[in-house]
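The values are calculated or read from the model by the stated rules, or taken from the named source; none is laboratory data. Not measured: the values here are computed from a predicted model. When we count neighbours, we look across all protein chains shown, and the Cβ atoms used for this are built from the backbone with ideal geometry, even at glycine. For the accessible areas, the whole protein counts, side chains as well, though only heavy atoms, and no ligand, DNA or RNA atoms are used. Shrake-Rupley method; radii C 1.70, N 1.55, O 1.52, S 1.80 Å.
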Amino acid sequence: MAAVATRLEAVVARLEKIADSIAAGGSVGVSAPSAGDSKDSPKFVRAYQEFREGEAAAFIAAANAIPECAKLSIGDMAQTLYDGIGTCMQMAADCKKPDQATLMAKLKSVTELFPKAEKAAFKRGKAMNHATAFKEMLQMVNFLFVPKPRGFAEDSYTTPDTYLNKIRTAAKKMDGDEKAKQIKFADTAKALGIALKDYIKEYHAAAVSWKKDGGDAKSWTPGAGPASAGPGGPPPPPGLGPPPVITEADYKTSAKSSKPATGGMSAVFAQINKGSSQCESAEKGGATQAFKLKRVTKEMKKAMKKEPALKPKEKKAKAPKKKVKKVVKKDPSCEFRQGTWWVEHQVDNKEVSGVELKHNVYIYKSEKNVITIPGKVKSISMDGCKRTTVIFDQVISTFELVGCESCKVVCRVQVPSVAIDKSKGTQVTLSTSAAQNPPDIVTSNISETNVVLPGKNPEKDDPIEIPLPEQYLTKISGENGAWNTDTTMVSHGG
């Protein structure tokens with residue numbers, strides 16, 4: 001019912017706009033037809049235009065009506081997102097399927113939203129849940145890249161529900177217009193997700209409906225269609241004919257008629273040939289006579305054997321160069337096998353979508369990126385990662401780091417236990433919710449490890465950073481046969 005009501009509101013708004021134009025004495029303007037309005041365009045383009053003017057427009061209006069959301073530009077980002085998908089649908093109607101690099105270039109304005117949405121979701125305030133819900137909604141654009149959009153849409157359209165329910169719960173404590181705006185934001189967001197999922201299932205179930213015999217997407221622009229191949233280059237300037245053709249007969253005739261030069265390089269080569277013939281003649285002294293070399297006699301050879309100092313010095317053999325092992329970079333992968341998500345060799349930001357309560361997540365050799373794991377998961381392990389930030393909602397068992405360097409762990413909801421082994425530069429950040437039930441932290445062979453906890457007033461005060469001990473002092477007491485040890489940690493401060 002919420003989805004039907006949202007679409008009816010959008011239709012009523014359009015009818016009121018037309019009625020106001022007629023009442024003012026003017027006629028209803030007709031703009032240049034776009035791919036979504038043209039009757040000749042494919043049905044999936046017209047259907048998306050209806051979705052854009054219905055559910056998407058209603059959500060954008062609801063986001064702009066809340067001042068905190070407007071401050072974070074949630075409505076503007078949503079408009080860019082759904083306009084960008086609409087442009088891609090128009091391109092699919094005109095062009096054949098492009099390569100991923102071309103498609104990413106055409107959707108540059110959409111891909112630039114991911115870091116903006118991530119940044120907005122981490123800003124504390126009244127609109128934190130709104131921004132996080134939109135960040136989850138943003139993931140639906142990936143249906144343009146995955147091999148089976150239908151299954152992806154069915155798994156992804158419910159990801160914002162956790163944060164939308166938080167918005168509804170908080171709205172119960174509000175009154176009047178403020179409460180209505182909060183509820184409308186949650187309802188329109190939910191209706192938008194359902195409508196987009198249904199649209200993908202109907203028109204792009206197996207793959208995006210690109211035009212098989214369409215043009216090249218690289219030269220496509222909105223409203224102009226694919227650029228056709230232009231004519232060939234300009235004709236040659238007048239008066240210049242084709243270059244002359246030299247035949248084999250002409251070449252032989254030229255070679256026979258040419259006379260050898262009496263000077264220059266010909267004379268040089270003649271002299272070299274003369275010396276070469278002398279070298280080959282034993283009667284003329286061979287190479288020794290030709291190049292005026294001194295002959296080495298038997299006496300000279302004996303003298304060299306008796307006096308080694310006369311022998312020419314042998315060159316020292318150069319030490320062999322050390323072979324440098326080449327580091328083979330492996331392709332990043334993220335796949336689910338036997339109850340575990342294997343996230344390996346990631347270098348770009350990655351969200352592991354589709355995780356469930358009984359699943360484990362294993363992150364291996366990840367570098368300089370952010371990995372987001374929404375929802376509840378059984379356990380998370382990081383192995384050999386560098387400068388990687390892992391953001392997750394809730395872990396039921398344990399979060400483990402082994403052999404990691406300069407990594408950050410951010411818990412949004414809850415984690416009962418954190419184990420850190422052979423790692424340095426680790427930072428564990430707990431949200432206000434996670435700090436209410438703090439985890440047990442087990443460490444071994446660590447350095448530069450800190451825990452970040454919220455301040456007294458999380459919305460105003462800066463978070464508190466607490467270092468974990470690296471050094472311990474052990475005192476031995478007692479007598480023979482009855483020894484005791486007392487171990488205490490060494491404080492970081494003076």
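From the list 372, 426, which one is among the hydroxyl-bearing types (Ser, Thr, Tyr), open to solvent by less than 40 Å² (accessible area, probe 1.4 Å), within 26 Å of residue 133 (Cα to Cα) and under 24 Å from the mean Cα position of the chain (by Cα)? Can you show your working first?
On the way: 426 fails: within 26 Å of residue 133 (Cα to Cα).
Result of the check over 372, 426: 372.
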Original post:
Any idea how many residues of segment 83-104 are open to solvent by less than 50 Å² (accessible area, probe 1.4 Å) and within 21 Å of the chain's Cα centre (by Cα)?
Top reply: 6
**OP:** Could you run through segment 51-75 and say how many residues are surrounded by fewer than 16 Cβ atoms within 10 Å (Cβ to Cβ) and of a type outside the set (A, V, I, L, M)?
**Re:** 3
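Would you mind stating whether residue 23 is modelled with pLDDT under 55 and more than 22 Å from residue 197 (Cα to Cα)? Before you say what the answer is, go through the steps one by one.
Working: modelled with pLDDT under 55: yes; more than 22 Å from residue 197 (Cα to Cα): yes.
The answer is yes for residue 23.
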**OP:** Inspect segment 339-357 for any residue being surrounded by fewer than 19 Cβ atoms within 10 Å (Cβ to Cβ) and of a type in the set (Val, Ile, Thr) and give the result as yes or no.
**Re:** yes
Subject >> Number of the exception - residue 382 against (1) of a type outside the set (Phe, Trp, Tyr); (2) open to solvent by 20 Å² or more (accessible area, probe 1.4 Å); (3) touching a residue at least 12 places away in the same chain (Cβ under 8 Å); (4) on the phi < 0 side of the Ramachandran plot >> reply: (2)
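Counting only residues that are open to solvent by 80 Å² or more (accessible area, probe 1.4 Å) and part of a loop (DSSP other than H, G, I, E, B), which one in segment 455-465 is nearest to residue 428 (Cα to Cα)? Working first, answer last.
From segment 455-465, those open to solvent by 80 Å² or more (accessible area, probe 1.4 Å) are 456, 459-460, 462, 464-465; that's our starting set.
Those left that are additionally part of a loop (DSSP other than H, G, I, E, B): 456, 459-460, 462.
Working: 456: 18, 459: 19, 460: 21, 462: 16 Å.
The selected residue is 462.
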**OP:** With respect to residue 158, determine if the residue is part of a helix (DSSP H, G or I), modelled with pLDDT of 90 or more and open to solvent by 10 Å² or more (accessible area, probe 1.4 Å).
**Re:** no
Subject >> Matching residues in segment 120-154 - criterion: being modelled with pLDDT under 90, of a type outside the set (A, V, I, L, M, F, W, C) and open to solvent by 80 Å² or more (accessible area, probe 1.4 Å) >> reply: 123, 124, 126, 147, 148
**OP:** Would you confirm whether any residue within segment 94-116 is touching a His at 6+ places or on another chain (Cβ under 8 Å), of a type outside the set (A, V, I, L, M, F, W, C) and under 30 Å from residue 349 (Cα atoms)?
**Re:** no
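Results for (1) among the polar types (S, T, N, Q); (2) open to solvent by 70 Å² or more (accessible area, probe 1.4 Å); (3) at pLDDT below 95; (4) touching a helix residue (DSSP H, G or I) at 6+ places or on another chain (Cβ under 7 Å), shown as yes or no for each residue.
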{"position": "171", "(1), (2), (3), (4)": "no, no, yes, yes"}
{"position": "174", "(1), (2), (3), (4)": "no, no, yes, yes"}
{"position": "180", "(1), (2), (3), (4)": "no, no, yes, no"}
{"position": "189", "(1), (2), (3), (4)": "no, no, yes, yes"}
{"position": "202", "(1), (2), (3), (4)": "no, yes, yes, no"}
{"position": "210", "(1), (2), (3), (4)": "no, no, yes, yes"}
{"position": "214", "(1), (2), (3), (4)": "no, no, yes, yes"}
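Return yes or no: is residue 102 in contact (Cβ under 8 Å) with a residue 60 or more places away in the chain, in a helix (DSSP H, G or I) and among the polar types (S, T, N, Q)? Explain how you work it out, then say what you get.
Details: in contact (Cβ under 8 Å) with a residue 60 or more places away in the chain: yes; in a helix (DSSP H, G or I): yes; among the polar types (S, T, N, Q): yes.
When the stated conditions are applied, residue 102 passes them.
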**OP:** Test residue 109 against the criterion of being on the phi > 0 side of the Ramachandran plot and surrounded by fewer than 21 Cβ atoms within 10 Å (Cβ to Cβ), and give yes or no.
**Re:** no
Subject >> From 473, 468, residue being in contact with a strand residue (DSSP E or B) (Cβ under 7 Å, 6 or more places away or on another chain), of a type in the set (A, V, I, L, M), in contact (Cβ under 8 Å) with a residue 12 or more places away in the chain and loosely packed, with under 15 Cβ neighbours inside 10 Å >> reply: 473
**OP:** Answer yes if at least one residue in segment 484-494 is open to solvent by 40 Å² or more (accessible area, probe 1.4 Å), assigned to a strand (DSSP E or B) and without any contact (Cβ under 8 Å) to a residue 12 or more places away in the chain, and no otherwise.
**Re:** yes
Original post:
Between residues in segment 203-217 that are assigned to a helix (DSSP H, G or I) and residues that are open to solvent by 40 Å² or more (accessible area, probe 1.4 Å) and not hydroxyl-bearing (Ser, Thr, Tyr), which pairs lie under 9 Å by C-beta distance while being six or more apart or on different chains?
Top reply: 203/42; 203/43; 217/94; 217/96; 217/97; 217/99; 217/106; 217/226
Subject >> Residues (in a loop (DSSP other than H, G, I, E, B) and of a type outside the set (D, E, K, R)) located in segment 326-350 >> reply: 327, 328, 332, 338, 339, 345, 346, 347, 349
**OP:** Note down all Cβ pairs under 6 Å where the first residue falls in segment 316-337 and is open to solvent by less than 100 Å² (accessible area, probe 1.4 Å), the second is part of a loop (DSSP other than H, G, I, E, B), and they're at least six residues apart or on different chains.
**Re:** 332/345; 332/346
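Scan segment 64-78 and tell me whether some residue there is among the β-branched types (Val, Ile, Thr), assigned to a helix (DSSP H, G or I) and out of contact with any His (no Cβ under 7 Å at 6 or more places or on another chain).
Filtering segment 64-78 for residues among the β-branched types (Val, Ile, Thr) gives 66, 74.
Still in the running and assigned to a helix (DSSP H, G or I): 74.
Now drop any that are not out of contact with any His (no Cβ under 7 Å at 6 or more places or on another chain), which leaves none.
Scanning segment 64-78 turns up no residue that is among the β-branched types (Val, Ile, Thr), assigned to a helix (DSSP H, G or I) and out of contact with any His (no Cβ under 7 Å at 6 or more places or on another chain).
Between 413, 390, which is in contact with a strand residue (DSSP E or B) (Cβ under 6 Å, 6 or more places away or on another chain), open to solvent by 30 Å² or more (accessible area, probe 1.4 Å) and part of a strand (DSSP E or B)? Walk me through how you get there before you give the answer.
Details: 390 fails: open to solvent by 30 Å² or more (accessible area, probe 1.4 Å).
Being in contact with a strand residue (DSSP E or B) (Cβ under 6 Å, 6 or more places away or on another chain), open to solvent by 30 Å² or more (accessible area, probe 1.4 Å) and part of a strand (DSSP E or B) holds for just one of 413, 390, which is 413.
Find the residue count for segment 351-379, including only residues that are part of a loop (DSSP other than H, G, I, E, B) and touching a residue at least 60 places away in the same chain (Cβ under 8 Å). Even if it seems obvious, please write down each step before you answer.
Our first condition is that a residue be part of a loop (DSSP other than H, G, I, E, B); within segment 351-379, this holds for 352-359, 365-366, 378.
Now drop any that are not touching a residue at least 60 places away in the same chain (Cβ under 8 Å), which leaves 353-354.
Final tally of qualifying residues: 2.
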